[in-house]
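Here's the structure, in structure tokens; my notes come after.
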Amino acid sequence: MSFSPKASAKRKISFVLPVYNEEGNIKALFEELLKVSASLLPKYDSEFIFVNDGSRDNSIHLLKGLSEKDGRVFVVDFSRNFGHQAATTAGLNHSSGDAAIIMDTDLQDPPEVALLLVKKWEDGFDVVYAKRRSRKDSVFKRFTAFAFYRILNALSEVPIPTDTGDFRLMDRKVLNALSEIKETNRFLRGLTSYAGFNQTGVLFDRNERKSGETKYPLKKMVKFSIDAITSFSVVPLRLVSWLGAVVAGLSILGIFYALFMKFFFPEITVSGWTLLIISVFFIGGVQILSIGIIGSYVGRIFSEVKKRPLYIISKIYRKNLS
Ligand code: UDP
Ligand code: MG
């Protein structure tokens, strides 16, 4: 879905807010957002698109409450949990602003940084991402995130900014381009880089999560990383080919060795058993590894060809609408 802005009206900024079990944060977040939108008001209208990604807590009731009170609040309620990237995509698809700002709803992305993003947008940038100068997360999270962004960047075909989450502003042009990209395993940060346009970053200090726990347990983090790497890189596939070449080279050496031993030291050829066992294990291991990597790409092909919708909406709440 894409909208074109009205020529005469004040320009509008959409805040895209994915929510998964954030009952402890919604109220405080909305208060902060109201302050930000008041600062923007002389120049811009705001709209707040909350996407409830199948929360199991009281989040949807709080969001419904907001939509009843404030006509600028738009709530998209998913039929179940479809994941952070699907929720963000839904929010972007429903945005009618001239620019959209994606923001986490746990107050880790400080809402006032939005003002800096808007300033850069006014300077003519189409994508302004907020890059973490520092973050207050566990050592494990900081380390895995640090490694993830560096590995991804080394492997990816398009440069993806390091230490940058989904917190960013995107111009309508970019939103329209993104909505043309139909792939299912969406890694939005990569897709934004892929879309191109004028991009820049601003630095910010990332807060602690205000309430509740991270919704990214290790399992989701691993899936997220695999999605990101296999979406934006064929390096793992190429590695398999290289590995195949190296193994083939080594086995030729092994054959020479075996022949050499057989002809020149026939009395001890039985010791070739060691070599045999090692090569069996080695080849077996390499094959399993290769099949695993190929499998992950086949899995992606499988989910892309199914052309399932990215998400299913159960209801939309908006003043004078539901
Ligand atoms: N989120 C979501 N669906 C999910 C997981 C997370 O919509 O399945 C939202 C969550 O409510 C938050 C944002 O995505 O607004 C980032 O999640 P979280 O803060 O748990 O990630 P972290 O900051 O720990 O990486
Ligand atoms: Mg968070």
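The values are calculated or read from the model by the stated rules, or taken from the named source; none is laboratory data. Since this is a predicted model, take the numbers as computed values, not measurements. Don't worry about glycine lacking a Cβ; one is built from the backbone with ideal geometry, like all the others, and counts go over all protein chains shown. These area figures cover heavy atoms from the full protein model, side chains too; ligands, DNA and RNA do not enter into them. Shrake-Rupley method; radii C 1.70, N 1.55, O 1.52, S 1.80 Å.
Paramagnetic label reach from Arg142 (point 7 Å along Cα→Cβ; backbone nitrogen cut-off under 15 Å): within region 92-134, residues 132-134. Shape analysis of the chain based on the Cα gyration tensor places the equivalent ellipsoid semi-axes at 50, 20, 18 Å, largest first. To put it simply, the accessible area of region 70-190 at a 1.4 Å probe is 57 percent carbon and sulfur.
Averaging the sequence gap over all C-alpha pairs within less than 8 Å and six or more residues apart, then dividing by the number of residues, gives region 26-177 a relative contact order of 25 percent.
Taking Asn81, Asn185, Asn58 in turn, the Gaussian network model of the chain (Cα-Cα springs below 10 Å) assigns the largest fluctuation to Asn58.
When only C-alpha pairs under 8 Å and at least 6 residues apart count, what is the relative contact order of the chain, in percent?
23
What fraction, in whole percent, of alpha-carbon pairs in region 162-264 exceed 18 Å separation? Summing the P(r) tail past 18 Å for region 162-264 gives 69 percent.
Summing Lys, Arg as +1 and Asp, Glu as -1, what charge do residues with Cβ under 13 Å from the Cβ of Lys120 carry, Lys120 excluded? Kindly include the intermediate steps, with their values, before the conclusion.
Numbers: positive: Lys119, Lys131, Arg168; negative: Glu122, Asp123, Asp126, Asp171.
Once all neighbours under 13 Å are counted, the net charge is -1.
Cross-link pairs exceeding 31 Å in C-alpha to C-alpha distance, out of Lys220/Lys315; Lys182/Lys315; Lys10/Lys220; Lys12/Lys219; Lys131/Lys319, comprise Lys10/Lys220; Lys12/Lys219; Lys131/Lys319. Across q = 0.12, 0.19, 0.22 Å⁻¹, region 14-91 modelled as identical point scatterers on its alpha-carbon atoms has Debye log10 I(q)/I(0) values of -0.31, -0.75, -0.98, in the order of the q list. Once Rg and the Kirkwood radius are both taken over the C-alpha atoms of region 61-126, their ratio Rg/Rh works out to 0.99.
Hey, could you get me the Stokes-Einstein D for region 41-187, Kirkwood radius over alpha-carbon pairs, 20 °C and 1.002 mPa s, rounded to whole µm² s⁻¹?
126
Placing unit charges on each Cβ (+1 for Lys and Arg, -1 for Asp and Glu) gives region 1-88 a dipole about its Cα centre, and among Asn25, Val36, Ser79 the Cα reaching farthest toward its positive end belongs to Val36.
For region 209-254, the mean projected area of the C-alpha convex hull, equal to one quarter of the hull surface, is 5.0 nm².
Divide, for region 12-58, the radius of gyration over alpha carbons by 2.2 N^0.38 Å, where N is the residue count.
This ratio for region 12-58 stands at 1.26.
If only the Cβ of Lys and Arg carry +1 and only the Cβ of Asp and Glu carry -1, the dipole of region 50-118 around its Cα centre is close to 260 debye. Where both bridge residues fall in the chain, DSSP classifies roughly 30% of the beta bridges as antiparallel.
The residue list Val16, Ala154, Thr144 was ranked by how far each Cα lies along the charge dipole of the chain toward its positive end, using unit charges on Cβ atoms, and Val16 comes out on top.
Put Leu191, Leu116 in order of accessible area, highest first, and with a 1.4 Å probe you get Leu116, Leu191. Extension gain for Leu34-Lys10 works out to 6.9 nm (0.36 nm per residue, less the C-alpha to C-alpha distance).
Projected over every direction and averaged, the convex hull enclosing the alpha-carbon atoms of region 98-252 yields 11.0 nm².
Only helical runs count toward this figure. For the chain, summing -39,500 (n - 2.57) over DSSP H runs of n ≥ 4 and dividing by all residues gives -16500 deg cm²/dmol at 222 nm. Please return the longest stretch of the chain lacking exposed loop sites, where GluC sites (Glu not before Pro) count only if DSSP places them in a loop and at most 15 other Cβ atoms lie within 10 Å. Segment 1-111 is the longest. Largest accessible area first, the residues Tyr194, Tyr317 order themselves as Tyr194, Tyr317 under a 1.4 Å probe with ligands, DNA and RNA left out.
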